[in-house]
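For reference, the structure is listed below as structure tokens.
The values are calculated or read from the model by the stated rules, or taken from the named source; none is laboratory data. These numbers come from a predicted model, not from an experiment. A quick note on method: Cβ atoms are made from the backbone with ideal geometry, for glycine too, and the neighbour counts reach across all protein chains shown. Calculation scope for accessible area: heavy atoms of the full protein, side chains included, ligands and nucleic acids excluded. Shrake-Rupley method; radii C 1.70, N 1.55, O 1.52, S 1.80 Å.
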Amino acid sequence: MDEDKIPQEELDEKLVNDAFQELLDSYLSSRHRKKVDLVTKAFNFARQAHKGVRRLSGEPYIMHPIAVALIACKEVGLGSTSICSALLHDVVEDTDYTVEDIENIFGPKIAQIVDGLTKISGGIFGEQASAQAENFKKLLLTMSDDIRVILIKICDRLHNMRTLESQPANKQYKIAGETLYIYAPLANRLGLNKVKSELENLSFKFEHPDEYASISKKLETTQKQREKLFDEFTKPIREALDGMHIQYELKQRVKTPYSIWNKMQNKHVTFEEIYDILALRIIFTPRVREEEVNECFNIYVAISRIYKSHPDRLRDWLSHPKANGYQALHVTLMSKTGQWIEVQIRSDRMDEVAEQGFAAHWKYKDGLEDEEYTEDEAELNDWLRTIKEILDDPQPDAMDFLDTIKLNLFASEIFVFTPKGEIKTMPTGCTALDFAFSIHTFLGSHCIGAKVNHKLVPLSHKLKSGDQVEILTSKSQHVSPSWINFVSTAKAKAKIQAIIRRDNREVQKKGEEILIDFLQKNQQEYTSAVADQLAEYHDIRKRNDFFVALGEKKVLLGEKDIDELTGKNKKDHEEGGWLKYVPFIGSKKKKDEPQQELFVVPEKFNRKKPIFITEANISQYKFPGCCHPIPGDDALGYIDNKNQIEIHKRNCPVAAKLKTSFGNRILDIKWDMHKTLYFDATIRLGGIDRVGLLNEVTQIISAQMNVNIHTVNITCEDGIFDGSIELRVHDRDDVKTIINNLKGVPDLKEISQIM
């Protein structure tokens, strides 16, 4: 029968049945108790509930819950309770069924998880609300009841990312930004390594399509060369392991495009300069399970006889597993071709935990309800308790909350000892004061210093792994606002802010009274909008901070404030104020031509359509100083509180927060420029100093490219020079061409563009 003549309903039916069969096959091949009837019942219920509804891509809606359930089963290793919850996860939000209906049909456990998932994605958030951060808060609250809520939410996000193609560009940036900011680090913290990598990669692909394509192509073209290197490198290792009669498997790990790009950005290096694109994994089955740690070290000893190991790059995650349960021994060896190659040694059990995360082996796993916790699960409980502590003292600003949670949960760890020799896990970069607050709030708020390894150090001293720390206190010590600048853990930040807020309330009240009094004397009415306007006029972001500044006499009110309220300052603003937003330097405009007003987004504005920036309209948009986008950059627009549009690079840290918190205000930006305006760009140079080098560099830039050099800043030490050149260019292509031309200069070793 010709497929064109088959009714759409029959095609959909086959599509759905095949997808469900794949889910059943995956479930039946897992190690869980087989509750096929329950899974089938959940599938039939969800299919009926979503009947007739389609996704943006055009496929039946039920395909999404099936896909999420398959990810939960196959890639996270969850059982029937989670599979059923995944199949039902959108029923309460999108149909007329209630949580009570789910409970009556499927029991309290599944209903509780579905309820948790509904709370996370549901909710009506106002235009001003920091929706995603509030969502995240809910997500963590529900998660502390049942870890499966967050695991299924991550599976849901992964499927949304895999099918993001059907969404408009502005939605893609919002969802990709949110994924990088929240879900990928969360997956990492739960030990879901494969899921984390895929989430990062997909986010990268949608935010920076050209860079993604370029790195993927380079990985493809260098694949044969990598395979040859891998075969030559592993040959003697295989012989050594065979001689030890170990049952093993060798896998090559290739860095993902996202992690390669990240390294290129952070280290200012090119693709070719990244040495650890290839790594080797030795996964073995231990003869005796209790001896797996010893066997890792035996393998390490055997291979370090073949290749020279790098003394500073031995990472022992065996004795001290990472907080997400990851265990392995990492060693970097010098290959015969002069390349450093990282080797990761781990047992099959460690490999499973590394790929799927110990959240998959959680106490709720089917049939394990009554058993005692394992060490891994006790670790996860500690983590959930940390979240509870942060939530007990909620932040007034949801965005700050997101940042502190992110700071605390996703940093890598160090191990420090108490005076009695107990081990405490702390985030990298934490200080003695963080350590004090981690033990007790009283200890933190009265801390005057510490002894680290028996030496006296200040509160701001950064701790290193292996430090022994004793906290010194004094009853006369009080929390100082400056402490917030050097603590890094969420708990310390939250406690300091809570104490300062308590102290500030009095000052704040006093400041508010000063303002009300001032306005009354000048026949002005007090409203919150007036307070906000004056706060902005004094460059203070929040109203309460403005009151504190008034209370502490840091801001004094006068005639200019009344001028601001009555509009007399407006002329001054227009003459100089917003010009700082204009990014370009030279244009062909005449001096007497009037300046364009900033574009104000009308009420019925189509946010799905891209905005094209041209020479004619560029001055209608704001270009804040956080990331300096220039034509050719991957950019996005953000509608600010005044309904004007800010332009940011897509990988700008400020944009990351905006995507996460105000996704509905993100716009797609396209450049339509014709090389008539000039923009600032800075290139960083490094290399070996010699006579005439700087002259060659400036010749290439000025003579060949006809580009204007604005400033040159070069320092030279012991024959090595380092510096930056600020240029006037038309667009990103100019910068790329200049960098490529400079690569031909002998003795120039490092060339990169500063963001």
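Ignoring ligands, DNA and RNA, what percent of the 1.4 Å accessible area of region 622-677 is carbon and sulfur? Percent of accessible area from carbon and sulfur atoms in region 622-677: 52. Pairwise inverse Cα distances across region 414-540, averaged and inverted, put the Kirkwood hydrodynamic radius at 16.8 Å.
The charge dipole of region 703-753, taken about its Cα centre with unit charges on the Cβ of Lys, Arg, Asp and Glu (plus for the first two, minus for the last two), comes to roughly 240 debye.
Taking the Cα centre of region 619-677 as reference, the dipole from Cβ charges on Lys and Arg (+1) and Asp and Glu (-1) amounts to some 120 debye. Solvent-accessible area assigned to carbon and sulfur over region 233-291 amounts to 48 percent, based on a 1.4 Å probe. Residue-normalised convex hull volume from the C-alpha trace of region 258-349: 123 Å³ per residue. Taking a ≥ b ≥ c as the square roots of the eigenvalues of the Cα gyration tensor, region 142-211 is prolate, since a/c reaches 1.5 or more and a/b is larger than b/c. Where a ≥ b ≥ c are the square roots of the eigenvalues of the C-alpha gyration tensor, would you call region 183-285 rounded, which needs a/c under 1.5, or, failing that, prolate if a/b is larger than b/c, or oblate? Oblate, since a/c reaches 1.5 and b/c is not below a/b. Computed on the Cα atoms alone, the convex hull of region 655-715 gives a volume of 153 cubic angstrom per residue.
Restricting the chymotrypsin sites (Phe, Trp or Tyr not before Pro) of region 478-542 to loop positions (DSSP other than H, G, I, E, B) with no more than 14 neighbouring Cβ atoms within 10 Å leaves Tyr526. Evaluating 6.51 cos²θ - 1.76 cosθ + 1.60 at θ = phi - 60° for every residue in region 735-744, the Karplus couplings come out as 4, 4, 5, 4, 4, 5, 5, 5, 4, x Hz, glycine and proline recorded as x. What region 426-466 shows is 46 Å² of accessible area per residue, with the surface traced by a 1.4 Å probe over protein heavy atoms. Among the GluC sites (Glu not before Pro) in region 507-558, those placed in a DSSP loop whose Cβ has at most 13 other Cβ atoms within 10 Å are Glu525, Glu552.
Suppose all protein chains stay in the model; what accessible area per residue would a 1.4 Å probe give for region 188-240, in Å²?
Heavy-atom SASA per residue in region 188-240 reads 53 Å².
Taking a quarter of the surface of the Cα convex hull of region 592-699 gives a mean projected area of 10.1 nm². Pairs of Cα atoms nearer than 8 Å and 6+ residues apart set the relative contact order; for region 688-742 it is 34 percent. Just so you know, the Rg over Rh for region 229-276 is 1.19, from Cα atoms, with Rh as the Kirkwood radius.
Report Ser412's accessible area, 1.4 Å probe, all protein chains in place, as a number in Å² to the nearest 10. It works out to around 70 Å². The shape of region 1-117 comes out oblate: with a ≥ b ≥ c from the C-alpha gyration tensor, a/c is at least 1.5 while a/b does not beat b/c. Hydrodynamic estimate: the Kirkwood radius of region 427-499 over Cα pairs, inserted into Stokes-Einstein at 20 °C and 1.002 mPa s, corresponds to D of 180 µm²/s. For region 616-749, the solvent-accessible area with a 1.4 angstrom probe is 43 square angstrom per residue. Entry note, region 65-117: relative contact order of 33 percent, from Cα contacts under 8 Å with a spacing of 6+ residues. The trypsin sites (Lys or Arg not before Pro) of region 615-671 meeting both criteria, a DSSP state outside H, G, I, E and B (loop) and at most 13 other C-beta atoms within 10 angstrom of the site's C-beta, are Lys642. In units of the compact-protein estimate 2.2 N^0.38 Å, region 468-569 shows a Cα radius of gyration of 1.38. When you count the other C-beta atoms within 10 angstrom of each residue and take the mean per peptide, 251-261, 66-76, 328-338 line up highest first as 66-76, 251-261, 328-338. Highest mean packing first, where packing is the average number of other Cβ atoms within 10 Å per residue, the peptides 149-155, 736-742, 39-45, 710-716 line up as 149-155, 39-45, 736-742, 710-716. Summing Cβ point charges (Lys, Arg +1; Asp, Glu -1) relative to the Cα centre of region 610-755 gives a dipole of roughly 580 debye.
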